[in-house]
Amino acid sequence: MKMSVQFILGRAGSGKTHACVAAVQARLRQDPVGGPRLILLVPEQASLQMERAILGGGVGAAHRAEVLSFRRLAHRVMDEAGVAPREPLSESARVMVLRRLMSRFQPELRYYRRLDRAPGFARQLGDTVSELIEEAVTPDELSAAAAAAHEGLAAKLHDLSLIYRAYVEYLGQRRVDPSQVLELARSALPRCPWLHGAELWVDGFASLSGQEEATLVALAPLCRSVSISLLLDPAVLDGSAADAAADVWREIFDQTVHTCRRLDERLRRAGCHVEAPLRLAAPPEALARRSPALTALERKLFTGEAAVPSPKEAADDVEIAACGSRRTEVEYAVSRIVAWVHGRNFRYRDVALIVRDLQPYHDLISAALNARDIPYFLDRRRPVAHHPLIAWLNGVTALAVSPYALDVVRALLKTGLTTLQTGEADELENVLIEHGIAGRRAWHAAEWSFVGADALFEPEDDPSTFQARRIESMERTRAAFRGIFDPWIDFARAHGAAEGGADGHTGPQWAAALRELMERAEVESTLEAWAERAEAEGRLDDAEQHRQIWRDASKFLDDLETTFDDVKVSAGELADMIDAGLSRLTLGLAPPMLDQVLVGSIDRSRHPTIKAAVVLGFNDGWFPQRIREGAILHDDDRTALIERGLPVRPPRRRRVFEERLLAYIAVTRPTRKLVITYATQDETGRELRPSAYLGAIQEALPGVVERAVGHPGAGRQSWDVLTERDLAARLALEFRNRPAIEYDNDADRRGQWNGLYQALRSRPASDHTRQAMAGLGDYRNASLSEASAEGCYPEPLSLSVSRLETFASCPFKQFARYVLDLRPRREARLEAVDVGRIHHAILEDFVREVAGQSKPLGDLSEDEIEAGVERSWQRVCARLRTELEASHARDAYLIRRASRRIGDAVQAQRVIARGGRLRPFRTEQSFGFDDADSLPAVELVTPKGRRILLRGYMDRVDLAELADEALGVVIDYKEGRNKRLDLSMAYQGVSLQLLGYLVALAQVGRTPAGRPIRPIGALLVGLSPHYESVDHPDDAPEFAIPYGLDKPRGLIHAGHLDVFDHQLPAGQRSQYYQFGLKKDGTLGWVDNSDSATPEAFAALLRRTERIMADLADRMIDGQIAVNPYRAGGHSPCTWCLYGSVCRYEPGMAPTRKLTPLKRTEILERATGE
């Protein structure tokens, strides 16, 4: 039988695939049944597309034609030849075997002896072994290379060959690695008569692995003819290209040229007759269907030469869009699809979205296309590491290693595979977090105690009825959870398995225990219920995913049994194997057969003939993609192996040429329209650069215009309005954010949106549209109904100064926090807020002790203060709300550090107290509460005649009792450094707490003897040390206040400066406070001073009182607007807990801007009011 091999060579669009398909169709028309087999060999993901192409050419029957991938061909050959089936090894099983082999050969390893337990190493080793098998490199060849290599590489190759050889021996005659199937199929080719005399076409491969090349070489002598198409310029292959661009095209087609030459050499060595290649150029009819601009781009890309199309042709058919974000990229791409389908009569299947890497785009693309009901196929293997069953398997093995660790239990509860109802699981998680319950001892305690959240300051009360019900409910839930997992933990920890001892469990024992655990947790039935629900809702892919994951998990247990049938494994090793084996599990879906947009990465997707494409993510680092060096075989290692004739994959410097080829393929896929987009910022706001390839496109097509595409809402554009849903959402944004008509500088744009609004109103509205239209009111004036407001704010309203301050910062925040009572979940771990409360508690206890003694604070010695702080620390620790918090080493350290820091703060206050006449009077001085030591509530009458009762706690009140009056100062402790009263914010009504306490002290303050207290100051005392940079410790400045603390800052009555610092001479600044006197005795440095004249001091208190009364009126009126302020760079939104509720967007929505005022201006304004 005379056979021949011919290469079909051509550039993009030259008709290589068409030539292969047309040849198959021609033979089918001659005889669809009789004659030799017709085999079209293509990549796996292209098989269905090629079958459809063959049947689309008027072919009535195709009985003797087959479209196969290499994998399907191998299985077909082994089935036909009667090869005894072998047990296929999954990726997870491969990892398990390699871990076992590394443990066995650990003493013999030279290079990897210390890395055998490194996280992820077994998985990386599995990838390397798979590559060696795919490239047909044998263990003997690797050993020979090791013998000739330098010392470092020799040790590495020794270890690889040792493990590789052992792995191949383990496979033996019973098992097969997925990368071995072509090798097995080659040995069976002579026993496959259906291949003898067949005609074979190979299309769609840019490169071939060693196994694939060897299979073609073995297959070719059996066939009548073999045609192999490759993407390359024939002139580059034969060297006839001699123009200036020849070197460029050699680089672009480097990969396919190497493939062609290597395959040609191997075929000739095998005795095959290789004919002269078929050199294809784009036929005239194809050029007529192709845009002149895209035709020119294909010829001139990367050459540095300009193409001939007119600028208008280039601008009409090729577009570059610089988008503000990846989300904007995707939205713009979808808008182009809608325009092409609705405006140019394209079908969805005529359009493709092309990316270099789908990972950062697939969620955005899916959401955007689903929102517009655009059918699409996302060509990628779906990662399933996030699936609940995978998380559950990881969780139960972690539970075996660390029984009832908090993070492990939380992860298990979130899987939904514990038989608990969702509400029960959520409540259990809240309790675990709130009380820090973790560990086997805590879970096996006689009962769980529930401690009130405020036990740090108050004695624990008896559980309420609600708490009793909660305890009962938790006990039932705990018993159910333990009933599932206790037997598993007991089994896992038996014989030292959890600790990694030699007496662990074998694979069959672990598999049986896991199956029993799955049965107790009802895993299979739960997954099937999820699958049935997904089917009922039309989510067929999700339904199949649930079922496939269960099959894969069952297969993993089977692999565990066979791999470690006589080897004992610890729980930690099992956890590592499950993580390594299942974390990269993916599911593949069938390519589309309907009218759908194809979405895929350029290195995976096999694009059919398409008319339009959007290439997204044309950014530096993505096009070209940053190529990471191999974790085991580095670039130098690969170079050395290739020089010795081992066909491993090329190093990174060669793979750069592959990136150029992929860019060339991406921009030459469409025939009519091409849009290239890139993002200027990522999700964090970090600047992104365009691809270096973008300049090559602009050089080839000088007429292409690059346009900037920002967020459409910011520019009031409408290009993203594609559906009624989009229009409703954008109208809501427009009407909420548009300026008043007298300030609107874009009357045309305003009229356009008004017209769209009228058009939408004239149509029958959907539920979504009605909901969006209902929200078009000005949310800055949102308010409760009169009846609701009366129910929320009964008179007389009792509230705190802090609540009024919260209302001033944002009315909605006050509503969410105090009316809706939305609170973050309590956590037992000591965080910053808890440490601050401990600081306060220690200080208050210490000052309370000092106030009860006859010896003033300033007269105490350092030793007395140190001993007093220690006693206070002990008392506070005794009142901590749970022993579990202090059981953590980190928390114990934080509590001890708090006592040291407070000791320094008290020592500094002792120094300050010596300089003045103030003495601590009360700590945690309450007003408006029912306790015996509380002062009466502060009563205010609002402008609308409402009666308001203010209540609160002052951290500390200091007194100076003079002969004729008692002078008081409010002290407020603050964490952090450089804490001071922002008088501008206080004057504008958003910083009320400190001055509000002054108002309270002035109205209701009394000494034990009943004397009224006249306020003369309010100060913030920072509790964090102050640091200054110096070149050398000897250069450290002398601080008037030792221990590195800042001066107390706030507002001070200028008529009583001697009460604060009775040693201050004229012409100097106080060492302890922020004020000073000029030489004539008047106030100095006013703009940088905390002092205020008696008139200004009184005026500020009156203004604060008026502001609080006005805020109370607005609150009682029901105002709940999302209306935060902004003062310079500060906004209450920065640390607000309710952003997910109000959904206020600082960059998009209007804000209430506060103008900073100088101190002198504030005092003058206040005095003049």
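Show the residue pairs that are 6+ apart or on different chains and have beta-carbon atoms under 7 Å apart, the first residue being within segment 607-633 and more than 23 Å from F205 (Cβ to Cβ) and among the aromatic types (F, W, Y), the second being at pLDDT 85 or above and not in a loop (DSSP other than H, G, I, E, B).
F618/I676; F618/T677; F618/Y678; F618/P690; F618/L694
Among the residues of segment 406-415, is any within 20 Å of S473 (Cβ to Cβ) and not in a helix (DSSP H, G or I)?
Our first condition is that a residue be within 20 Å of S473 (Cβ to Cβ); within segment 406-415, this holds for 406, 409-410, 412-414.
Okay, now just the ones that are also not in a helix (DSSP H, G or I), so none.
The answer is no, given that none of the residues of segment 406-415 is within 20 Å of S473 (Cβ to Cβ) and not in a helix (DSSP H, G or I).
With respect to the numbered conditions (1) over 18 Å from W392 (Cα atoms); (2) at pLDDT below 80; (3) assigned to a helix (DSSP H, G or I), which one is the sole condition not fulfilled by D566?
(3)
Yes or no, residue by residue, for (1) surrounded by 22 or more Cβ atoms within 10 Å (Cβ to Cβ); (2) farther than 27 Å from E213 by Cα; (3) touching a strand residue (DSSP E or B) at 6+ places or on another chain (Cβ under 9 Å); (4) in the same structural domain as R604 (by TED's automatic domain parsing):
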residue: R654; (1), (2), (3), (4): no, no, no, yes
residue: A666; (1), (2), (3), (4): yes, no, yes, yes
residue: I676; (1), (2), (3), (4): yes, yes, yes, yes
residue: T680; (1), (2), (3), (4): no, yes, yes, yes
residue: P690; (1), (2), (3), (4): no, yes, yes, yes
residue: A696; (1), (2), (3), (4): no, yes, no, yes
residue: T723; (1), (2), (3), (4): no, yes, no, no
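Taking G500, is it outside any helix (DSSP H, G or I), touching a helix residue (DSSP H, G or I) at 6+ places or on another chain (Cβ under 6 Å) and at pLDDT below 95?
Values: outside any helix (DSSP H, G or I): yes; touching a helix residue (DSSP H, G or I) at 6+ places or on another chain (Cβ under 6 Å): yes; at pLDDT below 95: yes.
It is true that G500 is outside any helix (DSSP H, G or I), touching a helix residue (DSSP H, G or I) at 6+ places or on another chain (Cβ under 6 Å) and at pLDDT below 95.
Please go through segment 619-654 and pick out each residue that is β-branched (V, I, T) and over 24 Å from A122 (Cα atoms). Walk me through how you get there before you give the answer.
First, pick out the residues of segment 619-654 that are β-branched (V, I, T): 627, 632, 639, 642, 648.
Once the filter is applied, which keeps residues that are β-branched (V, I, T) and over 24 Å from A122 (Cα atoms), segment 619-654 yields only I642.
When you check T418 against the structure, is it at pLDDT 90 or above, more than 18 Å from the chain's Cα centre (by Cα), among the hydroxyl-bearing types (S, T, Y) and in a helix (DSSP H, G or I), yes or no? Step through it out loud before you land on a result.
Numbers: at pLDDT 90 or above: yes; more than 18 Å from the chain's Cα centre (by Cα): yes; among the hydroxyl-bearing types (S, T, Y): yes; in a helix (DSSP H, G or I): no.
For T418, the condition - at pLDDT 90 or above, more than 18 Å from the chain's Cα centre (by Cα), among the hydroxyl-bearing types (S, T, Y) and in a helix (DSSP H, G or I) - is not met.
Residue under question is G120, and the condition is that it be in contact with an Asp or Glu (Cβ under 9 Å, 6 or more places away or on another chain), at pLDDT 80 or above, under 30 Å from V567 (Cα atoms) and in the same structural domain as A166 (by TED's automatic domain parsing); does it hold? Steps first, answer last, please.
Values: in contact with an Asp or Glu (Cβ under 9 Å, 6 or more places away or on another chain): yes; at pLDDT 80 or above: no; under 30 Å from V567 (Cα atoms): yes; in the same structural domain as A166 (by TED's automatic domain parsing): yes.
No.
So that you can scan it fast, the table gives a plain yes or no per residue for (1) surrounded by fewer than 20 Cβ atoms within 10 Å (Cβ to Cβ); (2) touching a Phe, Trp or Tyr at 6+ places or on another chain (Cβ under 6 Å); (3) among the hydroxyl-bearing types (S, T, Y); (4) modelled with pLDDT of 90 or more:
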{"site": "G239", "(1), (2), (3), (4)": "yes, no, no, no"}
{"site": "D243", "(1), (2), (3), (4)": "yes, no, no, no"}
{"site": "D247", "(1), (2), (3), (4)": "yes, no, no, no"}
{"site": "E251", "(1), (2), (3), (4)": "yes, yes, no, no"}
{"site": "D254", "(1), (2), (3), (4)": "no, yes, no, no"}
{"site": "H258", "(1), (2), (3), (4)": "yes, no, no, no"}
{"site": "E265", "(1), (2), (3), (4)": "yes, no, no, yes"}
{"site": "R268", "(1), (2), (3), (4)": "yes, no, no, yes"}
{"site": "L278", "(1), (2), (3), (4)": "yes, no, no, yes"}
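Looking at T1093, T1082, can you tell me which residue is more than 17 Å from V969 (Cα to Cα) and among the β-branched types (V, I, T)?
Values: T1093 fails: more than 17 Å from V969 (Cα to Cα).
That would be T1082, the only listed residue that is more than 17 Å from V969 (Cα to Cα) and among the β-branched types (V, I, T).
Test D744 against the stated conditions and say whether it is in contact with a helix residue (DSSP H, G or I) (Cβ under 7 Å, 6 or more places away or on another chain) and exposed (fewer than 14 other Cβ atoms within 10 Å of the Cβ).
Values: in contact with a helix residue (DSSP H, G or I) (Cβ under 7 Å, 6 or more places away or on another chain): yes; exposed (fewer than 14 other Cβ atoms within 10 Å of the Cβ): yes.
Yes.
Results for (1) touching a Lys or Arg at 6+ places or on another chain (Cβ under 9 Å); (2) buried (at least 21 other Cβ atoms within 10 Å of the Cβ); (3) free of Cβ contacts under 8 Å to residues at least 24 places away in the same chain, shown as yes or no for each residue.
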position	(1), (2), (3)
P36	yes, no, no
V42	yes, yes, no
Q45	yes, no, no
E51	no, no, yes
G60	yes, no, no
A81	yes, no, no
E87	yes, no, no
V95	yes, yes, no
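Can you name the helices (runs of 4 or more DSSP H) wholly within segment 92-183 that have at least 3 residues being under 40 Å from the mean Cα position of the chain (by Cα), within 23 Å of T586 (Cβ to Cβ) and acidic (D, E)? Please lay out each step first, then the result.
Values: elements: 121-134, 139-148, 151-171.
Per the criteria, 121-134.
Among (1) modelled with pLDDT of 90 or more; (2) touching a Gly at 6+ places or on another chain (Cβ under 8 Å), which single condition is A333 missing?
(2)
Is it true that V990 is touching a residue at least 24 places away in the same chain (Cβ under 8 Å), part of a loop (DSSP other than H, G, I, E, B) and not small (G, A, S)?
Details: touching a residue at least 24 places away in the same chain (Cβ under 8 Å): yes; part of a loop (DSSP other than H, G, I, E, B): yes; not small (G, A, S): yes.
Yes.
Can you go through V129, V83 and tell me which one is of a type outside the set (K, R) and within 17 Å of H158 (Cα to Cα)? Even if it seems obvious, please write down each step before you answer.
Details: V83 fails: within 17 Å of H158 (Cα to Cα).
Result: V129 is the single residue among V129, V83 that is of a type outside the set (K, R) and within 17 Å of H158 (Cα to Cα).
Note down all Cβ pairs under 7 Å where the first residue falls in segment 324-341 and is part of a helix (DSSP H, G or I), the second is of a type in the set (S, T, Y), and they're at least six residues apart or on different chains.
R326/Y361; E329/T677; V330/Y361; Y332/T677; A333/T677; V341/Y348
Can you name the residue in segment 508-550 that is under 31 Å from the mean Cα position of the chain (by Cα) and of a type in the set (S, T, N, Q) and is also nearest to N370 (Cα to Cα) among such residues?
Looking at the filtered set, the residue picked out is Q545.
Hey, can you tell me all the residues within segment 1110-1166 that are touching a helix residue (DSSP H, G or I) at 6+ places or on another chain (Cβ under 6 Å), surrounded by 16 or more Cβ atoms within 10 Å (Cβ to Cβ), part of a helix (DSSP H, G or I) and at pLDDT 85 or above?
Result: L1111, M1115, P1132, R1159, I1162, L1163, A1166.
Could you tell me whether G710 is surrounded by fewer than 21 Cβ atoms within 10 Å (Cβ to Cβ), farther than 24 Å from L353 by Cα and within 25 Å of the chain's Cα centre (by Cα)?
no
Just checking, which of L456, L393 is modelled with pLDDT of 75 or more and either touching a Ser or Thr at 6+ places or on another chain (Cβ under 8 Å) or not assigned by TED's automatic domain parsing to the domain that holds D357 (or both)? Lay out the reasoning, then the answer.
Values: L456 fails: modelled with pLDDT of 75 or more.
Result of the check over L456, L393: L393.
This table checks each residue for (1) among the basic types (K, R); (2) under 17 Å from N619 (Cα atoms); (3) surrounded by fewer than 23 Cβ atoms within 10 Å (Cβ to Cβ).
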residue: I320; (1), (2), (3): no, yes, yes
residue: R327; (1), (2), (3): yes, yes, yes
residue: R336; (1), (2), (3): yes, no, yes
residue: R347; (1), (2), (3): yes, no, yes
residue: V351; (1), (2), (3): no, no, no
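Quick check, is L358 part of a loop (DSSP other than H, G, I, E, B), farther than 15 Å from A612 by Cβ and not basic (K, R)? First the steps, then the outcome.
Working: part of a loop (DSSP other than H, G, I, E, B): yes; farther than 15 Å from A612 by Cβ: yes; not basic (K, R): yes.
Considered against the rule, which asks whether it is part of a loop (DSSP other than H, G, I, E, B), farther than 15 Å from A612 by Cβ and not basic (K, R), L358 comes out as yes.
Residue-by-condition table, conditions (1) assigned by TED's automatic domain parsing to the domain that holds G204; (2) within 18 Å of I228 (Cα to Cα); (3) of a type outside the set (V, I, T):
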| position | (1), (2), (3) |
| --- | --- |
| V24 | yes, yes, no |
| Q30 | yes, no, yes |
| R37 | yes, yes, yes |
| V95 | no, no, no |
| F105 | no, no, yes |
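The values are calculated or read from the model by the stated rules, or taken from the named source; none is laboratory data. Not measured: the values here are computed from a predicted model. Because the Cβ atoms are built from the backbone with ideal geometry, glycine has one as well, and the counts that use them run over all protein chains shown.
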